[in-house]
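Worksheet for the structure shown next.
The values are calculated or read from the model by the stated rules, or taken from the named source; none is laboratory data. As the structure is a prediction and not an experimental result, all values here were calculated from the model. No Cβ is skipped: glycine too gets one built from the backbone with ideal geometry, and neighbour counts run over all protein chains shown.
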């Protein structure tokens, strides 16, 4: 009888072990992760903010959330004039750090073209991972230990999807804003390219947002979509950004460029203009065949396209697209990869990798990486400063 019980238990444990091995193999094969051990500090709302809303052409209101769920929440609110300095900062509860922010009410769209020969570091799909983003920039000398811009006249290109799927969206966006202001003072540039998840938030679609931000909106006395609408300082700033930019001969866009673009007489400036005019309008397909529909499509549009990874394109189609815009290569995020990689004879570079999460542990353990473009070389840039040049194979 005892032997039968042991055989039965051995069979059960053997089956469980086999299924666990199969599950782990599938996760690894699909470049997935298993999240565990969530840190409760992610839901700490004391000092959460700032949430800045524009009252008029001259006044804005800064809100911080204070308190806790046991004693209740309240708002620390102060009004400022745009022509006066505002002493505001952004707090990160995981390691109890903060950074200061200087607000500039200039929401002018950035340029589409840059040509100065300076080096470029590009990273994408941070997905609300402030610590990951911050530490990557520190380790690669883009910012110093005090989070001050230290990349001189270089270009930091953020290729979309820096929001959603995490609990540090507010910290990530304000950090980008801070670095953009500091880079300008040194002749450098921070390029925030709009991805499909930025579009989700500007269009009131929150299926990928952390539930934390529903609570934030409620405490502020607003709806979730108000966090990034035209009354929101950070929302208005985000809506001024481009969908595609050309930097030292390289195109940067979140998803990719569908080859049908060559059928239309349209420039990169035209593409950005059409995209910005529609950022806050839900993207739905229409029957007409037009350049606007190609730009705004949730399948073929620049913030959504995945055709580089579906084996549906030829080298000629890639070359024709780049020739239309007189570009060397296109750099994209959106479609996850094991590592930053080169495709189509160094004409397409895919830089969306799985980054660590702020408030969760992950298995398999992920490490951030991005793309360094220097002296016409395309280089994998790891979190520890290690580099690997990407060459045509």
Practice prompt. Please find, among 51, 80, the residue that is assigned to a strand (DSSP E or B), farther than 23 Å from residue 211 by Cβ and either touching a helix residue (DSSP H, G or I) at 6+ places or on another chain (Cβ under 7 Å) or modelled with pLDDT under 95 (or both).
Written response: 80
Worksheet item: On the given criteria, is residue 326 modelled with pLDDT under 95 and either out of contact with any strand residue (DSSP E or B) (no Cβ under 7 Å at 6 or more places or on another chain) or surrounded by fewer than 18 Cβ atoms within 10 Å (Cβ to Cβ) (or both)?
Response: no
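Can you tell me which residues in the range 191-216 are more than 18 Å from residue 168 (Cβ to Cβ) and within 15 Å of the chain's Cα centre (by Cα)? Explain how you work it out, then say what you get.
The initial filter retains those residues of the range 191-216 that are more than 18 Å from residue 168 (Cβ to Cβ), namely 191, 193-194, 196, 199, 202-205, 207.
Once the filter is applied, which keeps residues that are more than 18 Å from residue 168 (Cβ to Cβ) and within 15 Å of the chain's Cα centre (by Cα), the range 191-216 yields 191, 193, 194, 196, 199, 202.
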Worksheet item: Hey, among the residues in the range 155-176 that are surrounded by fewer than 24 Cβ atoms within 10 Å (Cβ to Cβ) and part of a loop (DSSP other than H, G, I, E, B), which one's nearest to the chain's Cα centre (by Cα)?
Response: 164
Item to complete: Spot the failing condition for residue 87; the list is (1) out of contact with any helix residue (DSSP H, G or I) (no Cβ under 6 Å at 6 or more places or on another chain); (2) surrounded by 12 or more Cβ atoms within 10 Å (Cβ to Cβ); (3) over 15 Å from residue 232 (Cα atoms), and only one is missed.
Response: (2)
Worksheet item: Do you know which of the residues in the range 351-364 that are at pLDDT below 90 and part of a strand (DSSP E or B) is surrounded by the most Cβ atoms within 10 Å (Cβ to Cβ)?
Response: 362
Discussion item. I'd like to know if the range 296-317 contains one or more residues that are within 21 Å of residue 390 (Cβ to Cβ), without any contact (Cβ under 8 Å) to a residue 60 or more places away in the chain and in contact with a strand residue (DSSP E or B) (Cβ under 6 Å, 6 or more places away or on another chain).
Written reply: yes
Discussion item. Go through the range 88-117 and report how many residues are modelled with pLDDT under 95 and out of contact with any strand residue (DSSP E or B) (no Cβ under 8 Å at 6 or more places or on another chain).
Written reply: 5
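Being at positive phi and out of contact with any strand residue (DSSP E or B) (no Cβ under 9 Å at 6 or more places or on another chain) narrows it down to one of 229, 161, so name that one.
161
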Worksheet item: Applying the selection to the range 259-271, what residues are more than 19 Å from residue 343 (Cα to Cα), outside any loop (DSSP other than H, G, I, E, B) and touching a helix residue (DSSP H, G or I) at 6+ places or on another chain (Cβ under 9 Å)?
Response: 260, 261, 262, 263, 270, 271
Item to complete: Tell me, please, whether a residue that is buried (at least 18 other Cβ atoms within 10 Å of the Cβ), in contact (Cβ under 8 Å) with a residue 40 or more places away in the chain and farther than 27 Å from residue 172 by Cβ can be found in the range 365-385.
Response: no
Worksheet, complete the sentence: Checked 99, 92, 73 against criteria (more than 30 Å from residue 271 (Cα to Cα) and more than 27 Å from the chain's Cα centre (by Cα)); the one match is 73
Worksheet item: What residue, of 198, 185, is buried (at least 19 other Cβ atoms within 10 Å of the Cβ) and modelled with pLDDT of 95 or more?
Response: 198
